[in-house]
1. Kindly indicate which of 114, 95, 139, 120 is out of contact with any Cys (no Cβ under 6 Å at 6 or more places or on another chain), open to solvent by 60 Å² or more (accessible area, probe 1.4 Å) and modelled with pLDDT under 95.
2. Kindly list, by first and then second residue, each pair from a residue in segment 133-157 that is on the phi < 0 side of the Ramachandran plot to a residue that is assigned to a helix (DSSP H, G or I) and among the charged types (D, E, K, R), limited to pairs with Cβ atoms under 7 Å and residues at least 6 apart or on different chains.
3. With the structure loaded, tell me whether residue 61 is over 11 Å from the mean Cα position of the chain (by Cα) and not charged (D, E, K, R) or whether it fails that test.
4. Suppose we filter segment 5-25 for residues that are in a strand (DSSP E or B) and touching a strand residue (DSSP E or B) at 6+ places or on another chain (Cβ under 7 Å); how many remain?
5. Quick test of your reading of the structure: residue 146 fulfils all but one of (1) surrounded by 14 or more Cβ atoms within 10 Å (Cβ to Cβ); (2) aromatic (Phe, Trp, Tyr); (3) touching a His at 6+ places or on another chain (Cβ under 6 Å). Name the failing condition by number.
6. Inside segment 129-157, can you point out the residues that are over 24 Å from residue 101 (Cα atoms) and assigned to a loop (DSSP other than H, G, I, E, B)?
7. From the residues in segment 24-77 that are of a type in the set (Val, Ile, Thr) and touching a residue at least 12 places away in the same chain (Cβ under 8 Å), which one is nearest to residue 93 (Cα to Cα)?
Amino acid sequence: MPHAVTRHFVDVDGRQVHYRRVGEGPPVLMVHESPTTGVMLLPLARQLADLGYTALALDTPGYGASDPLPGIEAPTIADYADGLLETFAPLGLKRPHVYGSHTGAMIVLELGLRHPRATRSLIIDGLPAFTRPESIELRMNWLPLYHPHASGSHLVE
C-alpha cells in the first residue's frame with residue numbers, strides 16, 4: 001500500500017514553512033530546485049518512505065506555500081541555508097539527513113559548510129558547478145530574446 005502524503009505548516013520565527021511528509025522512520029529533510037516546490041520531490045520521498053525513512057519535502061522560502069525570508073529582498077544561497085537550519089527545531093529535528101536537488105543542492109552544501117555539525121549527512125544531487133566564464137555565458141544566453149509573431153512562427157525559433 002502506498003504511503004500517505006500529508007501537508008503541514010510550521011512556524012519558523014514568524015514565517016510559515018510548508019512541507020509534505022511521507023513515511024515513518026529517521027527523518028530526511030528534502031530541498032527542491034528553484035523555481036519549483038517540494039511536490040517535485042514526492043517520487044523520491046515515497047521511495048525513501050519505502051526504505052523506512054520519514055521524508056519531509058519543504059517548499060523553500062518564497063516558493064510554493066512557504067513565506068519568503070523576512071527583510072531580505074534578494075536572498076542568497078547562504079540566506080536560504082541559514083533559513084533551512086532555522087526549520088530544524090520547529091520540526092523537531094536533531095541532526096537529520098538532508099537532501100538537496102540542483103538549487104536545493106547548493107543550499108544543502110552551503111548549510112554543511114556553514115553549520116558542519118548540524119546534519120547527520122548531506123545528499124547532494126545535481127549540484128550546478130560552473131566556472132565563472134560558464135556562469136556568465138549561461139546568464140547572458142539562458143533566455144535569448146525573440147519577437148512574437150501573430151503566426152506563432154517565433155515558437156519554432
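1. Numbers: 114 fails: modelled with pLDDT under 95; 95 fails: modelled with pLDDT under 95; 120 fails: modelled with pLDDT under 95.
Selected residue: 139, the only one of 114, 95, 139, 120 that is out of contact with any Cys (no Cβ under 6 Å at 6 or more places or on another chain), open to solvent by 60 Å² or more (accessible area, probe 1.4 Å) and modelled with pLDDT under 95.
2. The qualifying pairs do not exist here.
3. Values: over 11 Å from the mean Cα position of the chain (by Cα): no; not charged (D, E, K, R): yes.
In short, no.
4. Of segment 5-25, the ones in a strand (DSSP E or B) are 5-12, 15-22.
Now restrict to residues that are touching a strand residue (DSSP E or B) at 6+ places or on another chain (Cβ under 7 Å): 5-10, 16-22.
Selection size over segment 5-25: 13.
5. That leaves (1) as the condition not met.
6. Initially, segment 129-157 is screened for residues over 24 Å from residue 101 (Cα atoms), giving 144-157.
Answer for segment 129-157, where residues must be over 24 Å from residue 101 (Cα atoms) and assigned to a loop (DSSP other than H, G, I, E, B): 144, 145, 146, 147, 148, 149, 150, 151, 152, 156, 157.
7. Here is the first cut: in segment 24-77, the ones of a type in the set (Val, Ile, Thr) are 28, 31, 36-37, 39, 54, 60, 72, 76-77.
Next cut, touching a residue at least 12 places away in the same chain (Cβ under 8 Å) only: 28, 31, 36-37, 39, 54, 60, 77.
Working: 28: 9, 31: 15, 36: 24, 37: 21, 39: 21, 54: 11, 60: 17, 77: 21 Å.
Looking at residues that are of a type in the set (Val, Ile, Thr) and touching a residue at least 12 places away in the same chain (Cβ under 8 Å), I get 28.
For (1) open to solvent by less than 50 Å² (accessible area, probe 1.4 Å); (2) part of a helix (DSSP H, G or I); (3) among the polar types (S, T, N, Q), each residue gets a yes or a no:
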{"residue": "3", "(1), (2), (3)": "no, no, no"}
{"residue": "28", "(1), (2), (3)": "yes, no, no"}
{"residue": "43", "(1), (2), (3)": "no, yes, no"}
{"residue": "57", "(1), (2), (3)": "yes, no, no"}
{"residue": "68", "(1), (2), (3)": "no, no, no"}
{"residue": "78", "(1), (2), (3)": "yes, yes, no"}
{"residue": "83", "(1), (2), (3)": "yes, yes, no"}
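The values are calculated or read from the model by the stated rules, or taken from the named source; none is laboratory data. This one's a predicted model, so the numbers in the text were calculated from it and none came from an experiment. Note that we place each Cβ from the backbone using ideal geometry, even for glycine, and neighbour counts take in every protein chain shown. With ligands, DNA and RNA removed, areas are computed over all heavy atoms of the protein, side chains included. Shrake-Rupley method; radii C 1.70, N 1.55, O 1.52, S 1.80 Å.
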